[in-house]
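The values are calculated or read from the model by the stated rules, or taken from the named source; none is laboratory data. All values reported here derive from a predicted model rather than from experimental measurement. Here the Cβ is made from the backbone with ideal geometry for all residues, glycine too, and neighbour counts use every protein chain on show. Surface areas here come from the heavy atoms of the whole protein model, side chains and all, with no ligands, DNA or RNA. Shrake-Rupley method; radii C 1.70, N 1.55, O 1.52, S 1.80 Å.
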Amino acid sequence: MQDMMSTPPAVNPVAPTSPNSYDEVPYESHPFSQTHPSRLFVVGSLFGLRPVPVQRCRVLELGCASGGNLIPMADLFPESQFVGIDLSNRQIEDGQKHVTDLGLKNLSLRHASITDVNAEYGMFDYIICHGVFSWVPNHVQEKIYDIFDKNLSPNGIAYVSYNTYPGWKMREVVRDAMMYHTRGLTDPREKLAQARAIVRFTKEVSDPASAFGRMLVDEAGLVEKAEDFYLFHEHLEPNNRPCYFREFIDAAGAHGLGYLGEASLADMAPQRLGQKLHDALQKLSGGNIIATEQYMDFFRNRSFRQTLLARSERMSGVRRAITPASHQ
């Protein structure tokens, strides 16, 4: 990931059973500005769409933990409606206490699986799926696309973050070592202790004189600094499925979704990588935005994306060349 502590791994929304790993080791729930509907509105507007004003909108978050991301939104926009679902009953109960204490009437936190979402949930102008997609099985990933397809309003915008290749290839080596070393362990504390032990040993025995050794030491160092809740759910969950950007977009397209852009516009600016690389990208991609983004991932060894999707029929109105008139 770009910033290890800025992105929460998924709720484990596979089956509506409790307790699960997030009941045992709750994930710290915080607001994430990159998911805020105000940001999604601005990016969509700059690119020529007509997203719904955030002062009166409906927002759904898949994998909301204890509501740390949604609660500030609901407080800021009292005339908007917010729904969050999470498979961890413990986290939903914790979040509901805060909702009750704050007297928020426009936020509903529900103990449910992503696979439970259906037409009865209604349509949403903004759907957030932060730190979930890469940590669930294939059929749940398909359900996430399906929710974007069936529950996103005509002018809606979906945010989804996920681990990407090629950057995650080296991180998989460290994860695989931890998974192998902790196989068979069930107690979270013992599993974490042994995972940290193998990471420390990996750093000690890696040859810093080799390119592979330097990369391994760097990755192990990042993991070693991670807090327990992050390490447990990022690296020790049974599912962690990075993909190439082009694979993600192809799958989204099969569900009637098109690529709008990234939550951070700076991530889409090849100019900041230097004129030589910018010119090369223009030649290699032929102006195709998907090809440009995939080549940028290769050149930057990118490991994490925060992508915005919209309905495919809205893509004809997308204009990514931002000008002073774009905000009008």
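Rundown of residues vs (1) of a type outside the set (Lys, Arg); (2) at pLDDT 95 or above; (3) over 13 Å from residue 61 (Cα atoms), yes/no style:
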site: 76; (1), (2), (3): yes, yes, yes
site: 87; (1), (2), (3): yes, no, no
site: 120; (1), (2), (3): yes, yes, yes
site: 125; (1), (2), (3): yes, yes, no
site: 133; (1), (2), (3): yes, yes, no
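Among the candidates 321, 269, the residue that is closer than 20 Å to residue 167 by Cα and at pLDDT below 90 is uniquely 269. Of all the residues in region 168-204, those that are open to solvent by less than 50 Å² (accessible area, probe 1.4 Å), not charged (D, E, K, R) and not in a loop (DSSP other than H, G, I, E, B) number 12.
Note on region 121-143: among residues that are within 16 Å of residue 157 (Cα to Cα) and hydrophobic (A, V, I, L, M, F, W, C), the one that is surrounded by the fewest Cβ atoms within 10 Å (Cβ to Cβ) is 123.
The set of residues from region 278-316 being farther than 26 Å from residue 242 by Cβ and open to solvent by 50 Å² or more (accessible area, probe 1.4 Å) comprises 279, 282, 283, 286, 287, 313, 314, 316. Among the residues of region 79-102, which ones are of a type in the set (Ser, Thr, Tyr) and more than 15 Å from residue 127 (Cβ to Cβ)? Within region 79-102, 88, 100 meet the criteria.
Residue 161 fulfils the conditions (1) outside any strand (DSSP E or B); (2) at pLDDT 95 or above; (3) of a type outside the set (Lys, Arg) except for a single criterion, (1).
Identify all residues within region 50-90 that are among the β-branched types (Val, Ile, Thr) and either farther than 29 Å from residue 233 by Cα or without any contact (Cβ under 8 Å) to a residue 24 or more places away in the chain (or both); write none if there are none.
Those that are among the β-branched types (Val, Ile, Thr) and either farther than 29 Å from residue 233 by Cα or without any contact (Cβ under 8 Å) to a residue 24 or more places away in the chain (or both): 52, 54.
Counting only helices (runs of 4 or more DSSP H) that sit wholly inside region 213-328, those with at least 3 residues that are over 30 Å from residue 143 (Cα atoms) are 275-285. Of the residues making up region 263-277, those that are open to solvent by less than 60 Å² (accessible area, probe 1.4 Å) and of a type outside the set (A, V, I, L, M, F, W, C) number 4. Could you list, in sequence order, the residues of region 183-206 that are within 16 Å of residue 234 (Cα to Cα) and touching an Asp or Glu at 6+ places or on another chain (Cβ under 8 Å)? The answer is 188, 192, 196, 199.
Looking only at region 92-108, decide whether some residue is on the phi < 0 side of the Ramachandran plot, at pLDDT below 95, polar (S, T, N, Q) and not in a helix (DSSP H, G or I). Checked against the condition, which is being on the phi < 0 side of the Ramachandran plot, at pLDDT below 95, polar (S, T, N, Q) and not in a helix (DSSP H, G or I), region 92-108 yields no hits at all.
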